[in-house]
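Peer 1: Following this message is one structure expressed as structure tokens.
The values are calculated or read from the model by the stated rules, or taken from the named source; none is laboratory data. Remember, it's a predicted structure, so these values are computed and weren't measured experimentally. So basically every Cβ, Gly included, is an ideal-geometry build from the backbone, and we count neighbours across all protein chains shown.
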Amino acid sequence: MNNVSSISIYAVQLYDTSSKPLLEVRSEPVVPEKARIRYVLNGGMSRVSEKDGRYPMIGLPFKVNKKSYALFVMLKSNEMWLQSKKEINTELLTVFLIGSVLILVAARSIVKPLIRLRDAAGRMSQGHFDVQLNTTRKDEIGQLNASFNEMSQELEKLDRMRREFVANVSHEIQSPLTSISGFAKALKQKRMSKENRMYYLTIIEEESDRLSRISRNLLLLSSLQHSRYPDPSTDILLDEQIRKVVIALEPHWTSKEIFVELELDPITVHAYEDQLTQVWTNLIGNSIKFTPDSGHIHIRSYAAGQTAVVSIMDNGIGIPENQRKEIFMPFHKIDTARDRSVSGSGLGLTIVKQIVDGHGGEIKVDGGQGGWTVFTVRLPLKKVL
């Protein structure tokens with residue numbers, strides 16, 4: 001019992017009938033009340049919970065050679081455990097403090113670029129689209145900054161296009177208005193020959209028609225950009241539609257003695273008829289307009305897989321390579337085409353591209369200045385609208 005008491009986490013003491021302790025206790029002594037000892041010697045079982053004393057204790061009666069004994073067992077106060085508990089608490093507190101500091105540093109590294117992004121978005125909302133965020137990060141924050149920079153560049157490009165569009169509209173409208181106003185004032189003069197009066201009236205009429213075309217084209221372009229198609233889509237015989245447009249434009253190409261060659265395969269597409277007629281009218285009309293007298297226009301249509309292909313080629317003035325991506329922008333005109341004798345508002349090809357894109361197709365231009373020009377339109381054969 002002495003040996004067990006010295007190495008166990010329990011303190012043990014044995015009492016005889018005289019309530020005398022029999023074991024040599026080397027650590028913490030077990031000292032129950034005498035009344036409790038007598039109670040156990042008389043055969044009772046005693047329990048002391050932790051709330052009644054410092055440590056829980058139990059008393060057990062037993063007999064040896066007809067002699068009664070009382071065995072009391074008590075949980076020792078484990079100083080090592082208490083010390084370990086303090087050390088563990090200290091370590092946990094240290095880990096908590098260090099973790100808190102690391103969390104603050106990490107949060108700052110995450111929040112700081114987000115704050116910069118918020119400030120940049122605020123500047124952008126005020127119309128400053130030249131905002132760029134410099135970052136070398138490759139994580140999600142870096143990807144977000146890269147996406148923001150791309151959005152900023154696109155918005156800056158759109159804003160520049162908007163300003164140019166407004167300036168071009170103002171210029172294109174102001175030009176015919178100036179002519180109309182000037183010649184109208186000239187008509188107020190009483191001393192004017194009939195020939196001059198008719199000449200001025202003709203110019204006023206032409207400029208009025210030009211202003212009306214610009215207005216109609218702007219309304220059509222706005223309608224197309226908002227995907228408002230006035231007529232329902234239907235199956236269209238593409239070759240027949242192109243042939244009708246060529247016949248409708250016959251007075252224009254016959255007056256210039258242009259040779260128009262047709263190579264049209266029977267193709268059926270599902271599209272908006274009036275809008276597609278507008279495409280062929282603008283493209284073929286441009287070819288006639290910029291092809292010299294006795295020139296050559298070749299129109300071909302064929303199917304390539306699930307795509308209908310229409311190419312319109314002429315030997316006109318050509319389009320420089322550095323302007324081929326810009327000709328579909330509103331009011332863009334090729335430098336060689338800036339001739340007062342050649343009418344146009346610079347919106348035709350913009351409308352063409354908008355219609356083709358709205359049908360799920362694509363349009364591109366090839367050729368060279370002083371040589372030839374070919375516009376290629378690709379439209380899906382299946383219904384995509």
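Peer 1: Counting only residues that are of a type in the set (Phe, Trp, Tyr) and under 30 Å from the mean Cα position of the chain (by Cα), which one in segment 136-195 is modelled with the highest pLDDT?
Peer 2: Within segment 136-195, the subset of a type in the set (Phe, Trp, Tyr) is 148, 165, 183.
Among the residues that remain, those that are also under 30 Å from the mean Cα position of the chain (by Cα) are: 148, 165.
On the way: PHE148: 82, PHE165: 66.
Only one residue fits best here, namely PHE148.
Peer 1: Any chance you could count how many residues in segment 241-258 are surrounded by fewer than 13 Cβ atoms within 10 Å (Cβ to Cβ) and more than 15 Å from LEU283 (Cα to Cα)?
Peer 2: 4
Peer 1: Please count how many residues of segment 188-203 are part of a loop (DSSP other than H, G, I, E, B) and exposed (fewer than 13 other Cβ atoms within 10 Å of the Cβ).
Peer 2: Within segment 188-203, residues that are part of a loop (DSSP other than H, G, I, E, B) and exposed (fewer than 13 other Cβ atoms within 10 Å of the Cβ) number 5.
Peer 1: Now for a different question. So LYS383 ticks every box in (1) over 21 Å from GLU240 (Cα atoms); (2) modelled with pLDDT under 70; (3) part of a loop (DSSP other than H, G, I, E, B) but one. Which box is left unticked?
Peer 2: It fails just one condition, (1).
Peer 1: Do we find that GLU261 is closer than 25 Å to GLY305 by Cα, at pLDDT 90 or above and either surrounded by fewer than 14 Cβ atoms within 10 Å (Cβ to Cβ) or touching a Cys at 6+ places or on another chain (Cβ under 6 Å) (or both) in this structure?
Peer 2: yes
Peer 1: Could you list, in sequence order, all residues of segment 264-299 that are in contact with a strand residue (DSSP E or B) (Cβ under 6 Å, 6 or more places away or on another chain) and surrounded by fewer than 13 Cβ atoms within 10 Å (Cβ to Cβ)?
Peer 2: ASP265
Peer 1: Now a separate question. Pairs only if they're at least six apart or on different chains, beta carbon under 8 angstrom, first in segment 34-60 and of a type in the set (Lys, Arg), second modelled with pLDDT of 80 or more; list them, first residue then second.
Peer 2: From residues that are of a type in the set (Lys, Arg), the pairs are LYS34/SER19; ARG36/SER46; ARG36/VAL48; ARG36/GLY59; ARG38/SER19; ARG47/MET57; ARG47/ILE58; ARG47/GLY59.
Peer 1: Another one. Might you let me know whether segment 102-116 holds any residue that is surrounded by 14 or more Cβ atoms within 10 Å (Cβ to Cβ) and not assigned by TED's automatic domain parsing to the domain that holds ASP159?
Peer 2: Taking every residue of segment 102-116 in turn, at least one turns out to be surrounded by 14 or more Cβ atoms within 10 Å (Cβ to Cβ) and not assigned by TED's automatic domain parsing to the domain that holds ASP159.
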